[in-house]
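Trainee: Here you go, one structure.
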Amino acid sequence: MSGELIRAVLLACLAALIALPVGHFAAPWMGWTLFCVSLGLQLAFHFRNFARLDRWSRAPVVDASLEGAGAWDGVFGRLYRHEKDLRAQIDQRDREIAMLIAAGQALTDGVVLLDRNDQILFCNRTAEMQLGLVIRTDRGQPIMNLVRRPEFVAYLKAADFTQPLTLRSDRAEDRVLSIYVIPYAGDRRLMQIKDVTQTDRLDRMRRDFVANVSHELRTPLTVLAGFLETLQEIEVDRDERMRYLSLMSEQSQRMQSIVQDLLTLSSIESAPPPENELVDMATLLDKLRRDAEALSGGKHQIVVDSDGRGDLRGSAAELTSAFGNLVGNAVRYTPAGGTVRLVWKASPQGAEFAVEDTGIGIDPKHIPRLTERFYRVDRGRSRDAGGTGLGLAIVKHSLNRHQAQLDITSTPGKGSRFAARFPASRVADA
Ligand code: ADP
């Protein structure tokens with residue numbers, strides 16, 4: 001600005017130099033007028049530029065409209081560049097913030113940012129769904145007013161975040177959430193919400209499974225141990241001893257069946273996808289009929305209902321074992337004199353293998369749970385029939401591996417129908 005000052009002084013001197021001879025040779029008022037007019041013009045020039053600057057500073061627009069003359073041109077140029085740089089920086093920040101928000105939205109975990117008063121600053125879509133929040137209207141609201149579960153409120157108030165909080169979601173009762181609170185930026189908090197429904201379910205299943213296996217094996221083991229103790233301590237006659245030994249053999253067979261079924265289950269669970277062997281259904285149906293007749297010992301009528309069309313593609317061993325399980329159940333849960341029907345129907349759209357019986361039937365409330373491991377409608381009856389409670393679990397698993405579905409319909413006292421439905425991709429020559 002010192003250059004501009006010198007320039008202003010020089011202009012004033014020039015005006016005085018011109019005004020002096022005019023005032024001396026013409027008239028003094030003319031000299032003064034000339035001097036004042038030239039000073040006035042300079043002032044007007046500066047005021048004009050100042051007014052421009054004032055206007056522009058109220059609403060800075062980054063375009064080329066801010067032009068001035070003389071020193072003002074330099075000032076305007078620097079201001080213009082400064083404003084332009086600032087805009088570019090703001091745009092860059094905006095883009096970075098937008099990217100961060102997009103990344104937060106893309107997270108499969110819920111994220112909620114809270115200020116020092118636990119008011120919501122931000123939450124992503126996943127958190128909106130998990131906690132029933134709507135960020136548009138809930139921003140700035142205390143989260144405890146919106147998520148009112150007592151355990152959640154107590155957890156935030158206690159402010160001990162060494163362990164996550166496990167919360168059953170408010171909206172869908174069957175969802176389980178694990179909430180981590182991480183302090184950041186001094187007194188702010190970041191809530192990370194993981195949906196652990198699946199892990200929780202698997203954990204529960206694993207615990208139940210271990211408890212069930214222990215329970216199932218403990219019963220025959222206790223019986224065996226009891227007989228052994230009796231035989232060691234008491235003199236028993238030969239007949240009694242034979243009776244004990246036969247009961248012990250029954251229990252050890254029971255344990256063998258359980259262990260065998262457990263091994264089958266674990267082997268199909270860890271096995272690679274089933275092979276694509278061609279399973280000849282006419283042969284398989286014939287084998288199933290003969291096995292059923294052997295198991296029934298002539299007490300049931302075994303009927304095969306098939307038009308002989310179509311075969312299956314898959315693991316012959318797994319399908320034979322799964323169908324054999326269904327047929328075995330039908331015989332075991334059908335009183336003497338009843339009928340067991342093996343039905344096979346194939347078309348280019350898919351195929352169905354069904355076992356229908358006229359047995360004891362199943363109350364509808366049990367049907368959804370029948371394929372759970374060790375689930376039995378009547379534990380005593382299943383045990384007497386030589387069941388392990390694992391048969392249908394194995395069937396379901398084997399069918400799943402063949403993209404097939406198990407449909408169960410039953411009427412207590414009338415009979416049941418267990419149908420395995422296969423997609424077209426598993427059917428050959430239909
Ligand atoms: P189990 O070894 O006890 O037969 P499954 O898994 O094969 O075990 O079957 C589970 C339960 O389903 C059985 O205990 C029985 O209560 C019921 N169930 C299976 N098949 C039939 C059937 N055909 N008729 C009636 N109940 C059945």
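The values are calculated or read from the model by the stated rules, or taken from the named source; none is laboratory data. Because the structure is predicted, anything quoted here is derived from the model rather than measured. Note that each Cβ is placed from the backbone with ideal geometry, even for glycine, and that neighbours are counted across all protein chains shown. The area values use the complete protein model at the heavy-atom level, side chains included, leaving out ligands, DNA and RNA. Shrake-Rupley method; radii C 1.70, N 1.55, O 1.52, S 1.80 Å.
Trainee: Please go through the stretch 396-417 and give me each residue that is open to solvent by less than 20 Å² (accessible area, probe 1.4 Å) and not in a loop (DSSP other than H, G, I, E, B), ordered by number. Even if it seems obvious, please write down each step before you answer.
Mentor: Of the residues in the stretch 396-417, the ones open to solvent by less than 20 Å² (accessible area, probe 1.4 Å) are 398-399, 402, 404, 415-416.
SER398, LEU399, GLY415, SER416 - these are the residues of the stretch 396-417 that are open to solvent by less than 20 Å² (accessible area, probe 1.4 Å) and not in a loop (DSSP other than H, G, I, E, B).
Trainee: Additional query: Just need a number here: residues in the stretch 373-395 that are out of contact with any helix residue (DSSP H, G or I) (no Cβ under 8 Å at 6 or more places or on another chain) and surrounded by fewer than 19 Cβ atoms within 10 Å (Cβ to Cβ).
Mentor: 5
Trainee: Another one. Just the residues that are within 11 Å of the ligand (Cβ to nearest atom) and either closer than 22 Å to LEU284 by Cα or open to solvent by 60 Å² or more (accessible area, probe 1.4 Å) (or both), please, taken from the stretch 335-362.
Mentor: Selection gives PRO335, VAL340, VAL355, GLU356, ASP357, THR358.
Trainee: Could you check, for the stretch 284-307, whether at least one of its residues is assigned by TED's automatic domain parsing to the domain that holds HIS397, among the charged types (D, E, K, R), touching a residue at least 40 places away in the same chain (Cβ under 8 Å) and open to solvent by 80 Å² or more (accessible area, probe 1.4 Å)?
Mentor: Residues of the stretch 284-307 that are assigned by TED's automatic domain parsing to the domain that holds HIS397, as a first pass: 284-307.
Narrowing further to those that are among the charged types (D, E, K, R): 286-287, 289-291, 293, 299, 305, 307.
With touching a residue at least 40 places away in the same chain (Cβ under 8 Å) added as a condition, the list becomes 289.
With open to solvent by 80 Å² or more (accessible area, probe 1.4 Å) added as a condition, the list becomes none.
No - not one qualifying residue is present in the stretch 284-307.
Trainee: Another question about this same structure. So which residues in the stretch 363-372 are open to solvent by 70 Å² or more (accessible area, probe 1.4 Å) and in a helix (DSSP H, G or I), if there are any at all?
Mentor: PRO364, LYS365, PRO368, ARG369
Trainee: Let me ask something additional. Take the conditions away from the ligand (no atom under 16 Å from the Cβ), surrounded by fewer than 19 Cβ atoms within 10 Å (Cβ to Cβ) and aliphatic (A, V, I, L, M) and apply them to ALA271. Does it pass? It would help to see each step written out before you state the result.
Mentor: Numbers: away from the ligand (no atom under 16 Å from the Cβ): yes; surrounded by fewer than 19 Cβ atoms within 10 Å (Cβ to Cβ): yes; aliphatic (A, V, I, L, M): yes.
Taking the combined requirement at face value, the residue satisfies it.
Trainee: I'd like the residue in the stretch 405-430 that is of a type in the set (A, V, I, L, M) and within 30 Å of MET255 (Cα to Cα) and, out of all such residues, is farthest from the chain's Cα centre (by Cα).
Mentor: Keep residues of the stretch 405-430 that are of a type in the set (A, V, I, L, M), which gives 406, 408, 419-420, 424, 427-428, 430.
So of that shortlist, the ones also within 30 Å of MET255 (Cα to Cα) come out as 406, 408, 419-420.
Values: LEU406: 25, ILE408: 29, ALA419: 31, ALA420: 29 Å.
My answer is ALA419.
Trainee: Can you say whether ASP203 is within 23 Å of THR108 (Cα to Cα), surrounded by 15 or more Cβ atoms within 10 Å (Cβ to Cβ) and within 28 Å of the chain's Cα centre (by Cα), as far as the supplied structure shows?
Mentor: Numbers: within 23 Å of THR108 (Cα to Cα): yes; surrounded by 15 or more Cβ atoms within 10 Å (Cβ to Cβ): no; within 28 Å of the chain's Cα centre (by Cα): yes.
Considered against the rule, which asks whether it is within 23 Å of THR108 (Cα to Cα), surrounded by 15 or more Cβ atoms within 10 Å (Cβ to Cβ) and within 28 Å of the chain's Cα centre (by Cα), ASP203 comes out as no.
Trainee: Is it the case that GLY328 is modelled with pLDDT of 90 or more and on the phi > 0 side of the Ramachandran plot?
Mentor: Numbers: modelled with pLDDT of 90 or more: yes; on the phi > 0 side of the Ramachandran plot: no.
Judged against the criteria, GLY328 is not a match.
Trainee: Right, something else. Can you give me the number of residues within the stretch 363-372 that are of a type in the set (Lys, Arg) and within 8 Å of the ligand (Cβ to nearest atom)? If you could, list the steps in order and put the result at the bottom.
Mentor: Let us first name the residues in the stretch 363-372 that are of a type in the set (Lys, Arg), namely 365, 369.
Those still in the list that are within 8 Å of the ligand (Cβ to nearest atom) too: none.
Residues that pass the stated criteria total 0.
Trainee: Collect the residues in the stretch 291-306 that are under 19 Å from ALA385 (Cα atoms) and among the polar types (S, T, N, Q), keeping them in residue-number order.
Mentor: Taking the stretch 291-306 and keeping what is under 19 Å from ALA385 (Cα atoms), we get 291-302.
If the condition is that a residue be under 19 Å from ALA385 (Cα atoms) and among the polar types (S, T, N, Q), then SER296, GLN301 are the ones that fit.
Trainee: What about GLY350, is it more than 16 Å from LEU288 (Cβ to Cβ) and in contact with a His (Cβ under 9 Å, 6 or more places away or on another chain)? Working first, answer last.
Mentor: Details: more than 16 Å from LEU288 (Cβ to Cβ): yes; in contact with a His (Cβ under 9 Å, 6 or more places away or on another chain): no.
No: the conditions fail for GLY350.
Trainee: How many of the residues in the stretch 382-398 are within 8 Å of the ligand (Cβ to nearest atom) and either free of Cβ contacts under 8 Å to residues at least 12 places away in the same chain or not assigned by TED's automatic domain parsing to the domain that holds SER321 (or both)?
Mentor: 1
Trainee: Quickly run through the stretch 316-334 and pick out the residues that are open to solvent by 10 Å² or more (accessible area, probe 1.4 Å) and either within 30 Å of SER425 (Cβ to Cβ) or more than 13 Å from the ligand (Cβ to nearest atom) (or both).
Mentor: ALA316, ALA317, GLU318, THR320, SER321, GLY324, ASN325, GLY328, ASN329 - these are the residues of the stretch 316-334 that are open to solvent by 10 Å² or more (accessible area, probe 1.4 Å) and either within 30 Å of SER425 (Cβ to Cβ) or more than 13 Å from the ligand (Cβ to nearest atom) (or both).
Trainee: Could you check how many residues of the stretch 231-243 are assigned to a helix (DSSP H, G or I) and either among the basic types (Lys, Arg) or open to solvent by less than 70 Å² (accessible area, probe 1.4 Å) (or both)?
Mentor: In the first step, residues of the stretch 231-243 are kept if they are assigned to a helix (DSSP H, G or I); the result is 231-233, 238-243.
From what is left, the residues that are either among the basic types (Lys, Arg) or open to solvent by less than 70 Å² (accessible area, probe 1.4 Å) (or both) are 231, 238, 240-241, 243.
So the count comes out to 5.
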